[in-house]
Structures are given as C-alpha cells and as structure tokens.
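Novice: Starting off with a structure, shown below.
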Amino acid sequence: GEKAALGSGFQFTPDGYIATNYHVVSDAALFPELYSIEYVTFDDQKGKASLVNIDPVHDLAILKADQTFRPYLELGESALDKGTKIFSFGNPYDLGMTIVEGLYNGIMERSMYRKILFSGSLNPGMSGGPALGADGKIIGVNVSTAGNQISFFVPVEYLRNLWDEVKAGKTPAPSGRWQEIIRGRLEASQDQFVNDLLAEPVWTKRQIGR
C-alpha cells in the first residue's frame, strides 16, 4: 500500500494503451512482487494497469489499462520549426491536470541521447505526460527539467518504435521478467555508443601542461 512514485501518462490508442516514462513505473518493472501500477483519470476514475513494453534508454514505457477511455491522443511528428508554440500536459506535485505553454527549440545537438529542448517549466509529477503541437498530436513525452524554463521531451518517434514492437508481437517480457530486458537494452545502447566513439575517423589531441 506504499506509494513509490507519481507521474503522468496518456492514452494513445483507442483500446487503452497508455504511454509514460520508464522511471515512473521502474519499481513495478524491477520488483513486480512488491509494486503494482494504478491510474487515476481526470474525472477521478481509478483502475489498474499492466506493463507491456519498456525502453529504459529513452525513459519510456507502455502500459495497458483495465478499461478504455475516449478520446485518445494521436501520435504526430517531432520535427517542428524552432520557435513553434507547443503545450505540455501533466500532474505537477499531484495538484491536478496542468497545461504548460512554451516554445519548441529543436533537438539537442550536444546530447548523448536525442531530446527535444522545451522553453517551459516541467515539474515533478509531470513525467510521462504528453507534449502536443498546435494540431493536438503528440510530438514528445515529458521527461526532465533543468529548471528556470529549461525542460526536455523524448521525441515521439521513440514511442512509435516501442509501440511497433507491441503491434508486431515482440513484447519482450510476457512473464513479467523485465530485469533481463532492462540489462540487455542498456548494454546494447552502451555498446553502440562505444562503437560510434571508436569509429570516429580523427581523434584530436591536446597537450595539457607538461
């Protein structure tokens, strides 16, 4: 009965699939015998959700709710013009559904992982909520903040990739054994990073002191 984490999420299919951040539900993935996933809707309906797929590298998770709601949010594209007005939704500090207006500032160029830079304030509890363009379609998923109007989204393309695995029947841990999946995906990402680094054609050298 102990609450371990609080976050946001959104239904992105008509049949009850919900997107959120991996870190919001990580305790349930790592310790399923101790933790379960519950949701509360905007109109105070409560229910249970099960873990369907995870991407710990890009901090995403897909859940299946025990009922469906209408309407749902459609997945869009993350490529927008810099300076475009966008909107982030979430439940900061469990105060209730909140909308944050801000500006799209493109994909981070100097980042180990692709992230959208958002000129707007995300706060704890908004993790996993949707970021929408003016057309009402998802461009990304709330993930983190650096404070003072600097926040980040996971580009929607990573959520679409994760969803494609589910549709293709490649849900990796039907028995609930997520630990091996988490380890495998983190190791694969690390290997890719090291291989890309070693493949650089020119290594610059700089002398520091003697």
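Novice: Kindly list the number of the only condition in (1) assigned to a loop (DSSP other than H, G, I, E, B); (2) in contact with a strand residue (DSSP E or B) (Cβ under 7 Å, 6 or more places away or on another chain); (3) basic (Lys, Arg) that fails for residue 177.
Specialist: Going through the list (1) assigned to a loop (DSSP other than H, G, I, E, B); (2) in contact with a strand residue (DSSP E or B) (Cβ under 7 Å, 6 or more places away or on another chain); (3) basic (Lys, Arg), residue 177 breaks only (2).
Novice: Do you know which residues across segment 1-49 are open to solvent by less than 60 Å² (accessible area, probe 1.4 Å) and of a type in the set (Gly, Ala, Ser)?
Specialist: 4, 5, 7, 8, 9, 16, 19, 26, 28, 29, 47, 49 - these are the residues of segment 1-49 that are open to solvent by less than 60 Å² (accessible area, probe 1.4 Å) and of a type in the set (Gly, Ala, Ser).
Novice: Only one of these conditions is not met by residue 155: (1) surrounded by fewer than 19 Cβ atoms within 10 Å (Cβ to Cβ); (2) within 27 Å of residue 86 (Cβ to Cβ); (3) not basic (Lys, Arg). Which number is it?
Specialist: The number of the failed condition is (1).
Novice: Looking only at segment 110-143, which residues are of a type outside the set (A, V, I, L, M) and crowded, with 24+ Cβ neighbours inside 10 Å?
Specialist: First pass over segment 110-143, keeping only residues of a type outside the set (A, V, I, L, M): 110-111, 113-115, 118-121, 123-125, 127-130, 133, 135-137, 140, 142.
Within segment 110-143, 118, 127, 128, 129, 130, 140, 142 qualify.
Novice: Name the residues in segment 91-142 that are closer than 19 Å to residue 57 by Cβ, part of a loop (DSSP other than H, G, I, E, B) and polar (S, T, N, Q), would you?
Specialist: 111, 127
Novice: Only residues in segment 186-210 that are under 25 Å from residue 158 (Cα atoms) and in a helix (DSSP H, G or I) count as the first member; pair them with residues that are open to solvent by less than 90 Å² (accessible area, probe 1.4 Å) and of a type in the set (Ser, Thr, Tyr), Cβ under 9 angstrom, at least 6 apart or cross-chain, and list the lot.
Specialist: 189/113
The values are calculated or read from the model by the stated rules, or taken from the named source; none is laboratory data. Remember, predicted model here, so these are calculated numbers, not experimental data. Cβ: placed from backbone, ideal geometry, glycine included. Neighbour counts: every protein chain shown. Calculation scope for accessible area: heavy atoms of the full protein, side chains included, ligands and nucleic acids excluded. Shrake-Rupley method; radii C 1.70, N 1.55, O 1.52, S 1.80 Å.
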